[in-house]
1. With a cut-off of 8 Å between alpha carbons and a minimum separation of six or more residues, what is the relative contact order of the chain in percent?
2. For segment 35-189, what is the percent of antiparallel DSSP beta bridges, rounded to the nearest 5?
3. When the scattering of segment 298-364 is computed by the Debye formula from its Cα atoms alone, each counted once and equally, what is log10 I(q)/I(0) at q = 0.15, 0.16, 0.20 Å⁻¹?
4. Could you work out the helix-only [θ] at 222 nm for the chain, with each DSSP H run of four or more residues adding -39,500 (n - 2.57) and the total divided by the number of residues, to the nearest 500 deg cm²/dmol?
5. Can you tell me what the convex hull of the Cα atoms of segment 1-55 projects to on average, as an area in nm²?
6. For the pairs K80/K185; K98/K271; K271/K303; K219/K402; K185/K400; K308/K374, flag any whose C-alpha to C-alpha distance is greater than 30 Å.
7. Quick check: residue separation of S81 and N258 times 0.36 nm, minus the Cα distance between them. What number comes out in nm?
8. Normalised by the empirical 2.2 N^0.38 Å for globular proteins, what value does the Cα Rg of segment 358-402 take?
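Since every read-out is calculated from the coordinates, none of them should be taken as a lab result. Predicted, not measured: the structure shown is a model, and the values here were computed from it. Glycine gets a Cβ as well: all are built from the backbone with ideal geometry, and neighbour counts include every protein chain shown.
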Amino acid sequence: MNVLVINCGSSSLKYQVLNMTNEELLCKGLVERIGMEGSVITHEKIGMDKVKNVVPMENHQDAIKNVLDAVQHPEHGVVKSMDEIGAVGHRVVHAGEKFAYSVYIDDAVIGALEECVELAPLHNTPNLQGIAACQALMPDTPMVGVFDTAFHQTMPPESYLYAIPYEYYKKHGIRRYGFHGTSHKYVAERAADMLGVDMHDLKLITCHLGNGASVSAIKHGRCVDTSMGFTPLEGLVMGTRCGDIDPAIVTYIRQKENLPQGAANEILNKKSGVLGISGVSSDFRDLEEAVKEGNERAALALKIFAQKVRGYIGSYIAEMNGVDAIIFTAGVGENDIGMREMICQNLGNLGIKMDVLKNNVRGKETDFATEDSKVRLLLIPTNEELMIARDTYHIARARKNK
Ligand code: AMP
C-alpha cells in the first residue's frame, strides 16, 4: 500500500509518498507561499532531479490539488492514479487530552480536533484545513491523524500538572502536553532496535534538538516527562524560543518596554533563544562561525543551550533513577558534533562517557559512547514522516480487514 503523508502549515505544506510494503520513500515535496503571490511547489521523485513549478495556489485545497497532480505526473509522478494511494496520514500538532494514539479520521475526530484549535491555533487550523482539502479531493481514501502530543499522554500527573490553582487545569486544560512526540517515539524505538533490547526494559532520554528543541524521559516504553509544556515555548533554550524563564519576567518586560498586547509572546517565541542571546542567528552553523571570529555572545548562547540540555538530562536521570541510553536527533542533535561534545563532556560521574572520535559523525545512526560507558550515547536521525506513514498504514489496513 502507498501512503501519502501530509504536514500542513499555515502557508506551506510538506508531503511524501511511501510504499509501505517495504517502507520505501517514492517522492517528497514542499509547497510554499500558499495564499500569497508566487506560490510554488517543489517536487522530487527519488532518484530524479527536483522540479519547481510556480502556480497560483489560493488555499490549501489548491495546494493539495497540485500535490496530487505532481504525484500522478507522467514523468515525475510515482502513481498512475489516486487509486494507488491507499491512505493519507496527516500530521496534527495538538490533540489535547483527546488522543493518546493515532486515529482514523471521522466526523467525531474532526469535532474533537476543532475543540483543540484553541490550544494551538497557529498549528491546528492549517492541519485541519489540510484534512478538509484532502477529504474533498479524495473522498473515498481513508485518512489518519498522527498527533505530536499523543506520545506524551502517558505522563503521570506529577509530570504534567503545573503548581497553579488546580481549577485552571479542570476549567481551561492548562497542563503540560509536550510536543515532537512522533520524533521522540521514533528514535526511542530505533534505540531499542540498535541496542537489541525490548523498549520495556529500557530507560531512555531522547533529545530532539532542532530549531525547536525538547527532551523526553521514556521509562519502559512510556513517556514519563518532557520539557515542552502547555505550548512549545517551555523547556530548553531553542533557536528563537526562550524556554524556561521566570514567568514574572513577562509582566516586567511588558511594563518596562511598554509593549502592546501580544508583543511579549512574539518576543519570547521569535526573538529569544540562541538568537536573542547572541544577536547573531538562530542557526547553530552561523553561531559556530561567529565563535570562530571571536564573537563572545555567540559562544555564550551555545554554552547556555548546552547547559540547559545537561540540566534536563540530569533531572530525568533522577526522575527515572537511571538511564540506559541518551539519544540525539533533529538538525542540531544529528549534525552538530561540537554541541554534542559540549553536552556530553564531564558527565563521567553519572556513568556517561563520550568517545570523541566516534562522535565525529553527522546524520548516521551511531553509538558514540566509550566501550566502558555505563550509558549508551546514540545519534539517531529522526524520521517523523515514516512514523506517520507506519501508523497510517496499520490503521488503514486494520479497517480494510475488518
Ligand atoms: P530542524 O529544526 O530539526 O530542521 O533543525 C534545524 C537546525 O539544525 C538549524 O537551524 C541549525 O541550527 C541546525 N543544523 C543543521 N545542520 C547543522 C550542522 N551541520 N551543524 C550545526 N547545526 C546544524
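1. 14 percent
2. Taking every DSSP beta bridge within segment 35-189, about 55 percent pair in antiparallel fashion.
3. Debye curve over Cα of segment 298-364, log10 I(q)/I(0) at q = 0.15, 0.16, 0.20 Å⁻¹: -0.49, -0.56, -0.87.
4. Numbers: 14 runs with 155 residues, N = 402.
After summing the helix terms and dividing by the residues of the chain, the value is -11500 deg cm²/dmol.
5. Working: hull surface 15.7 nm².
With the hull built on Cα positions only, its mean projection is 3.9 nm².
6. K80/K185; K98/K271; K219/K402
7. Length gained, S81 through N258: 58.0 nm.
8. 1.84
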